Amino acid sequence: MPPGPYLQPDALIPVIHTQTKGKLMPEIFETTALKFKLPSKRAQEYALNLHQRMREAREREPEHLTTLTAIPEESRTEEILSGWQFDMEADGTAGLYISVSDGENFVDTLAALVQHLLREFDPSGFVQFEWSRTCTDLGPTCFSGGGVHVTADKVYIFTTLDWLEERARNETGRLVNRSYE
């Protein structure tokens with residue numbers, strides 16, 4: 001294996017959701033999929049074990065979360081627990097495959113997990129992933145997504161709206177449409 005950084009995505013797999021669940025308010029669907037390698041089998045086992053403990057904690061009452069000493073302290077919040085909507089499985093001997101097919105507001109939690117793994121196992125590494133957002137309403141404001149760049153020290157999150165607004169600020173021409181308003 002070449003020297004680090006180890007935690008770089010092998011593949012980003014787009015997932016498109018067109019399911020309608022028949023509610024009056026539009027439902028939002030956020031999706032992502034990423035693969036990355038950890039520096040060791042021990043790191044992979046740690047990540048899979050942590051994921052299992054968080055899934056189990058999510059099924060319990062939130063007030064018990066602070067008593068779960070097997071979960072890292074920074075992960076013992078209701079916000080992290082509610083965002084733990086992803087699936088995780090081993091990918092090879094030291095890799096992880098993480099996916100979300102029907103999530104909402106999971107990006108911060110996934111970024112926090114990745115940052116925790118970087119701090120523990122690969123402090124000089126980084127991970128990048130993208131996510132998409134669609135909803136049951138086919139209006140122009142219902143489609144977006146973004147990207148995340150995670151290091152052991154920082155998390156950078158940007159949305160497609162951020163990018164569009166930045167481009168608009170840098171243009172001198174007349175704005176013909178703005179589908180995100």
Exercise for the section: Provide the net charge surrounding PHE126, with neighbours chosen by a C-beta distance below 11 Å and charges set as Lys +1, Arg +1, Asp -1, Glu -1. Expected result: -1
Fill in the blank from the handout: In order over the stretch 26-37: 3J(HN,Hα) from phi, Karplus 6.51/-1.76/1.60, θ = phi - 60°, whole Hz, x for each Gly or Pro, gives x, 9, 9, 10, 10, 9, 7, 7, 8, 10, 7, 9
Handout entry: Segment ALA90-ARG60, extension gain: residue separation times 0.36 nm, minus the distance between their alpha carbons
Key = 8.3 nm
Handout entry: Charge context of GLU104, other residues only, Cβ under 11 angstrom, K/R +1, D/E -1
Key = -2
Practice task
Starting from the Cα of ARG167, step 7 Å along the direction of its Cβ; do the same at ASP108; then give the gap between the two resulting points in nm.
Solution key: 2.8 nm
Completion exercise
One finds, for LEU48 and THR77 with R0 = 22 angstrom and r their Cβ-Cβ distance, a FRET efficiency to the nearest 0.05 of 0.55
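Throughout, read-outs are computed from the coordinates displayed, never taken from laboratory work. Being a predicted model, the structure only gives us computed values, none of them experimental. So basically every Cβ, Gly included, is an ideal-geometry build from the backbone, and we count neighbours across all protein chains shown.
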